[in-house]
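S.K.: I'd like to ask you about the structure that follows.
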Amino acid sequence: MKKIVVGSRGSKLAVTQTNWLIERLAAAHPDIAFELKIITTKGDRNQHQALDAIGDKGLFTAELEAELLSGEIQMAVHSMKDMPSALPEGLCLTVPPMREDPADVLVTPHGAASLDDLPEGAVIGSGSKRRVFQLKALRPDLQTVGIRGNIDTRIRKLFDEHLDGIVLAAAGMRRLNVYDAADYHLVPLLPPAFVPAPAQGILAVEIREDNAEVKALMAAISDETARVQMAAERSFLTALDGDCHLPIGAYCEAAGDAITLYGLYGDEAGTRLVKGSAAGRAADAERLGAQLAEQLRKALEQPESEVEK
Ligand SMILES: NCc1[nH]cc(CCC(=O)O)c1CC(=O)O
């Protein structure tokens, strides 16, 4: 029986979503054995350092990419939103499988029904500039504290550190089956009002460019809408040369062939944050991303631009 080795980081989320993908591939290709291989990355070994402090690109991907290039694994699975915008020579992404929930979600111990229900001066845990600056634009009285660790750790810190809330990706919570729980409450922060990270909820399947065989295997479980959304959102990110030091968000709404891309861009200090949108056709997804990026880059340079409410 032919064997395909699928590489993944060892975090609970990474393993869960890689197994999700393997199950789908195995169902579509019963004659092939798909095998999980866990690979530790530099990002996994530096759990307690702030991401900003480590800060190099490919923190969670470099070791997997080395094993793709050497042929030890044939596929590497990541969260698309953690993928650097440029891939190493010789590697590419396949068309992705169906997208999970793209929204962010505020997790609270109080049972707040909306952001407005949070107490005055509430303390929210998040280390993401995109999340923090958007929250403060909506509720300027909110305080924020940095928080790191995997999803379970962050949920534990919500209680241990007596926070009023944390912001997580709905996708990760749903994949780990912790979206519904008795001891906390959820306030979905829905796009386009609250803009998620580019490609949040989409899985990246990275392969060698010359491996037509695995590319063809992925075709059986690929999703055209996710492909178009990924093209538009990632093109926006790439055009802004985005890294995690800047607040950058993008969400592409797709209704058949008609797409609308929503973007968020700001400066490092969060003193300026601009939002905008551009509409077009699915075939123009990449061009739309680059065009919206240019529009927002210019808007941010205008002295009168300010934090949007
Ligand atoms: N930054 C970590 C990370 N990378 C991917 C996800 C969730 C899954 C996804 O967005 O696809 C998360 C957790 C989070 O942001 O809450």
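Rule-based calculations on the coordinates, nothing more; no lab input. In this text the structure is predicted, and so the values were computed from the model without any measurement. Ideal geometry is used to build each Cβ from the backbone, glycine not excepted, and the neighbour counts take in all protein chains shown.
S.K.: Once R0 is set to 30 Å, what does the formula 1/(1 + (r/R0)^6) return for the Cβ-Cβ distance between Ser70 and Ser277, expressed as a FRET efficiency to the nearest 0.05?
M.R.: 0.10
S.K.: Further, regarding this structure: For a 31 Å ceiling on Cα separation, which of these pairs sit above it: Lys136/Lys157; Lys12/Lys129; Lys12/Lys215; Lys3/Lys42; Lys42/Lys157; Lys129/Lys215?
M.R.: Result: Lys129/Lys215 exceed 31 Å.
S.K.: To the nearest 10 degrees, how steep is helix 151-160 against the longest Cα principal axis of the chain, on a 0 to 90 scale?
M.R.: Roughly 30 degrees, rounded to the nearest 10.
S.K.: Highest GNM mean-square fluctuation, the chain, Cα pairs closer than 10 Å: which of Ala170, Ala212, Ala220?
M.R.: Greatest mean-square fluctuation among the candidates belongs to Ala212.
S.K.: With point charges of +1 on the Cβ of Lys and Arg and -1 on the Cβ of Asp and Glu, referenced to the Cα centre of the chain, which listed residue (Thr144, Phe133, Leu296) lies farthest in the positive direction of the dipole?
M.R.: Final value for the positive-end residue is Thr144.
S.K.: Mind checking which of Leu118, Phe60, Gln200 is farthest towards the positive end of the chain's charge dipole, using Cβ charges of +1 (Lys, Arg) and -1 (Asp, Glu) about the Cα centre?
M.R.: Of the candidates, Phe60 comes out farthest on the positive side.
S.K.: Take the alpha-carbon positions of the range 104-189, form their convex hull, and give its projected area averaged over all directions (one quarter of the hull surface) in nm².
M.R.: Answer in nm², one decimal: 4.9.
S.K.: Here's another thing I want to ask about it. Can you give me the relative contact order of the range 143-224 as a percent, contacts being Cα pairs under 8 Å and 6 or more apart?
M.R.: 20 percent
S.K.: Need one number: nm distance between label points at Ala269 and Cys92, each 7 Å from Cα along Cα→Cβ, rounded to one decimal.
M.R.: A separation of 4.4 nm, rounded to one decimal place.
S.K.: How large are Rg and Dmax for the range 1-46 when calculated on the C-alpha trace, in angstrom?
M.R.: 11.9, 39
S.K.: Here's something else I'd like to know. Nearest 20 debye, what's the magnitude of the dipole of the chain about its Cα centre given +1 on Lys and Arg Cβ and -1 on Asp and Glu Cβ?
M.R.: The dipole magnitude comes to about 240 debye.
S.K.: Then there's this: Restricting to Cα pairs below 8 Å that are 6+ residues apart, what does the relative contact order work out to for the range 148-279? Please round to a whole percent.
M.R.: It comes to 18 percent, rounded to a whole number.
S.K.: In debye, nearest 20, what is the charge dipole magnitude of the range 201-309 about its Cα centre with +1 on Lys and Arg Cβ and -1 on Asp and Glu Cβ, if you could check?
M.R.: Here the size comes out at about 200 debye.
S.K.: If eta is 0.890 mPa s and T is 25 °C, what Stokes-Einstein diffusion coefficient results for the range 20-158, Kirkwood Rh from Cα pairs, in µm²/s?
M.R.: Calculated translational D: 134 µm²/s.
S.K.: Computed on alpha carbon atoms, what radius of gyration and Dmax characterise the chain, expressed in Å?
M.R.: 19.4, 64
S.K.: Net charge within 15 Å of Gln74 by Cβ-Cβ distance, Lys/Arg positive one each and Asp/Glu negative one each, not counting Gln74 itself?
M.R.: -3
S.K.: Among Gln229, Gly276, Leu240, which residue has its Cα furthest toward the positive end of the charge dipole of the range 223-303, with +1 on Lys/Arg Cβ and -1 on Asp/Glu Cβ?
M.R.: The residue sitting most towards the positive pole is Gly276.
S.K.: Nearest 10 degrees is fine. How inclined is helix 12-28 to the longest principal axis of the chain, computing both from alpha carbons?
M.R.: Result, in degrees: 40.
S.K.: Check which residues have an amide H placed less than 5 Å from Leu36's amide H, if you skip close sequence neighbours.
M.R.: Val6
S.K.: While we're here: As a footprinting exposure proxy, order Glu23, Glu65 by other Cβ within 10 Å, with the fewest listed first.
M.R.: So the residues, fewest neighbours to most, are Glu23, Glu65.
S.K.: In addition: Once the Cα atoms of helix 285-301 and of the chain are each reduced to a long axis, what angle between those two axes, in degrees from 0 to 90 to the nearest 10, is obtained?
M.R.: Here the helix axis deviates by roughly 30 degrees.
S.K.: A further question follows. Report Rg(Cα)/(2.2 N^0.38 Å) for the range 161-309, keeping two decimals.
M.R.: Taking N as the residue count of the range 161-309, the ratio is 1.18.
S.K.: What residues of the range 116-158 lie in the reach of a label at Arg174, counting those whose backbone N is under 20 Å from a point 7 Å from the Cα along Cα→Cβ?
M.R.: The answer is 131, 151-152, 155.
S.K.: Only Lys, Arg, Asp and Glu count, each charged at its Cβ (+1, +1, -1, -1), so figure out the dipole size of the range 104-189 about its Cα centre, rounded to 20 debye.
M.R.: 520 debye
S.K.: Can you put Arg234, Arg174, Arg208 in order, fewest other beta carbons within 10 Å first?
M.R.: Neighbour counts put them in this order, fewest first: Arg174, Arg208, Arg234.
S.K.: Fewest Cβ neighbours within 10 Å first, please rank Lys275, Lys2, Lys37, Lys129 accordingly.
M.R.: Least crowded to most crowded, the residues run Lys2, Lys37, Lys275, Lys129.
S.K.: With the contact rule set at Cα under 8 Å and sequence spacing of 6 or more, what percent relative contact order holds for the range 102-196?
M.R.: Across the range 102-196, relative contact order equals 51 percent.
S.K.: Now for a separate question. When every alpha-carbon pair in the range 223-303 is counted, what percent end up more than 17 Å apart?
M.R.: Counting pairs separated by more than 17 Å, the tail of P(r) holds 39 percent.
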